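Derivation of every value follows stated rules applied to the coordinates shown; laboratory data play no part. Here the structure is a predicted model, which means the values were calculated and not measured. A quick note on method: Cβ atoms are made from the backbone with ideal geometry, for glycine too, and the neighbour counts reach across all protein chains shown.
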Amino acid sequence: MNRRILKLLRMDGKMTYREIAAKLRRSPSTVRDRIRRMEEYDVILGYSAIVNNELMGMQSDAIVLGNIGEGVSVKDLRKLHEVDGVMEVLLVSGGKSVMVRLHAPDNHTLDNTIAGSIMPLGLKDIEVRIVLESVMRFPGI
């Protein structure tokens, strides 16, 4: 049942216990208890809104791929969360070991953020991919 609850919450994070319970044919108190338990055990890490970045003035969206520079640790990369516009940082397989999702008001700001804030934190061999269209957007990204 937890997986079904999570599926419903992924589709609409604003669903009430009562709405979820009705869809699953369970009591609202059962759904509430299960959700609270999943929150306590860090199965559910939080809730967020899906934002229309273009309407918020963020016209540029990019994927930045790179490698960790010599002497730079993964812990050092955690500082990327402080960089304005960084939405996500992932360690990935393949030729580039780090992927950063970045939003900016325009391409000029995007370029300045990469050169002035991301590369100095230890990323090298940078490749930038501009996102042309978001087919499906996940919460918080």
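The table for this structure:
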read-out: Label-point separation in nm, V51 to D76, each point 7 Å along Cα→Cβ; value: 2.9 nm
read-out: Euclidean distance between Cα centres, the range 83-106 to the range 1-75, Å; value: 19 Å
read-out: For the chain, calculated [θ]222 nm from helices alone, where every DSSP H run of n ≥ 4 adds -39500 (n - 2.57); value: -8000 deg cm²/dmol
read-out: Cα-based equivalent ellipsoid, the chain: semi-axes from gyration tensor eigenvalues, Å; value: 36, 18, 12
read-out: Calculated FRET efficiency for the pair L132/N67, C-beta based, R₀ 25 Å, to 0.05; value: 0.50
read-out: Mean separation of Cα contacts under 8 Å, 6 or more apart, over the residue count of the range 1-65: relative contact order %; value: 22 percent
read-out: Potential lengthening between K124 and M15 on full extension [0.36 nm per residue; Cα-Cα distance subtracted]; value: 35.0 nm
read-out: Cross-link partners of K79 among lysines (Cα-Cα below 29 Å; sequence separation of 8 or more within a chain); value: K96, K124
read-out: Cβ-placed point charges (K, R +1; D, E -1), dipole of the chain about Cα centre in debye, nearest 20; value: 1260 debye
read-out: Computed E for A115/M1 - FRET, C-beta separation, R0 35 angstrom, nearest 0.05; value: 0.10
